[in-house]
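Okay, so here's the structure we're looking at.
The values are calculated or read from the model by the stated rules, or taken from the named source; none is laboratory data. It should be emphasised that the depicted structure is a prediction, and the values quoted were computed from it without experimental measurement. Cβ placement follows ideal geometry from the backbone for every residue including glycine, while neighbour counts extend to all protein chains displayed. Just so you know, the surface numbers come from the protein's heavy atoms only, side chains and all, with ligands and any DNA or RNA stripped out. Shrake-Rupley method; radii C 1.70, N 1.55, O 1.52, S 1.80 Å.
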Amino acid sequence: MTPSVYPPKDFKKIRASGDIVARCFEFISPHIAPGISTGGIDKMVADFLRAENARSSSLGYHGFPAHCCTSINDVIVHGIPNDEIILKDGDIVNVDLTAEYKGFHADASRMFMIGNVSTPARKLVQAAQDAMNSAIAACGPGVPLSEIGRVIESVVKPHGYSISRDFVGHGIGKTMHDEPQICHFYEPKLDRVKMVPGMVFTIEPMINQGVRECVIDADGWTARTADGKLSAQWEHTIGITEDGAVIFTEKING
């Protein structure tokens, strides 16, 4: 499938959705601390999106039962919020949320470190964020999509971490998941696929302390590291411009 290419007027609409995502993170962040349940986080996300006349793109997607994903410690991705799951001192948790506003979607995730987090966990979280930021900085018109994975590998491999290959970034805009697929590892087949102005996609590397393989819980969604070691992920939605790339999932004002 050919990647969707959006005109500048649609960039503004995706940017509005991304602003809602960014402000939602700002709203929930002060409350993500020891003692809160992941179900409580989900309720805050739901309440905020409702107040903004937006909706969660995740809720009901292929049956997903929540407004966001909350992935703790060894969970790579798609952790399901639950009132019985309580964050505790030393945890690391990824909150992944996607908002649809006036027909356009934007997607981002952030890591939160709960209380006194170990030095190895902090280093993992930082490496994942560095990998995402470096990949975004490398994007621009004419750049092959394979460069994203190549740059992420250059950041992650010196630390001895692995990169999940079971999940990828994706095109986004009028639909939550679209072409192109974004590999967070070097994929030679993507050398010939070049970024063009108007392309919109997520970059969301999932970085593991140990092996890259995962196992899926009985709920059919929660993906954990096969060896039980920690995983960290950061994500932004970006758009390719004539000059480089713009991040949609940051606040418009500040």
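Its residue count N fixes a reference of 2.2 N^0.38 Å for the chain, and the Cα radius of gyration divided by that reference is 0.95.
Can you list, largest first and rounded to whole Å, the semi-axes you get for region 130-183 by taking the square root of 5 times each eigenvalue of its Cα gyration tensor?
Details: eigenvalues 88, 40, 15 Å².
Over the Cα atoms of region 130-183, the semi-axes work out to 21, 14, 9 Å.
Kirkwood radius, region 104-254, all distinct C-alpha pairs, inverse of mean reciprocal distance: 15.9 Å.
Using a 1.4 Å probe over the heavy atoms of the protein chains, calculate the carbon and sulfur portion of the accessible area of region 12-159 as a whole percent. Write down the numbers at each step before the final one.
Values: 3040 of 5940 Å².
Ligands and nucleic acids excluded, carbon and sulfur give 51 percent.
Give the distance, in whole Å, between the Cα centre of region 160-193 and the Cα centre of region 204-254. What the calculation gives is 11 Å, centre to centre.
Subtracting the Cα-Cα distance from 0.36 nm times the residue separation, let me have the gained length for Ser118 to His159 in nm, one decimal. It would help to have the intermediate numbers written out before the result.
On the way: separation 41, 0.36 × 41 = 14.76 nm, distance 1.61 nm.
That works out to 13.1 nm of additional length.
Which whole-number percent is the relative contact order of region 159-241 (Cα, under 8 Å, 6+ apart)?
Details: 156 pairs, mean separation 27.6, N = 83.
Value for region 159-241: 33 percent.
The modelled label-to-label distance for the pair Thr241/Tyr61, using points 7 Å beyond Cα in the direction of Cβ, is 2.6 nm.
With all protein chains kept in place, the per residue accessible area of the chain amounts to 43 square angstrom at a probe of 1.4 angstrom.
Per-residue extension of 0.36 nm, minus the Cα-Cα distance of Val211 and Thr2, leaves a gain of 72.0 nm for this segment.
Applying the criteria of a DSSP loop state and at most 12 other Cβ atoms within 10 Å to the GluC sites (Glu not before Pro) of region 74-167 yields Glu84. Each peptide in 230-240, 32-42, 214-224 gets a packing score, the mean of other Cβ atoms within 10 Å over its residues, and the list from highest to lowest is 230-240, 32-42, 214-224. In region 8-77, Rg over Rh equals 1.00, where Rg is the alpha-carbon radius of gyration and Rh the Kirkwood radius from pairwise Cα distances.
Based on C-alpha pairs under 8 angstrom that are at least 6 apart in sequence, the chain has a relative contact order of 24 percent.
Centre-to-centre, using Cα atoms only, region 100-139 and region 60-84 are separated by 17 Å. Checking every one of the trypsin sites (Lys or Arg not before Pro) in region 97-132 against DSSP loop status and a limit of 15 other Cβ atoms within 10 Å picks out Lys102.
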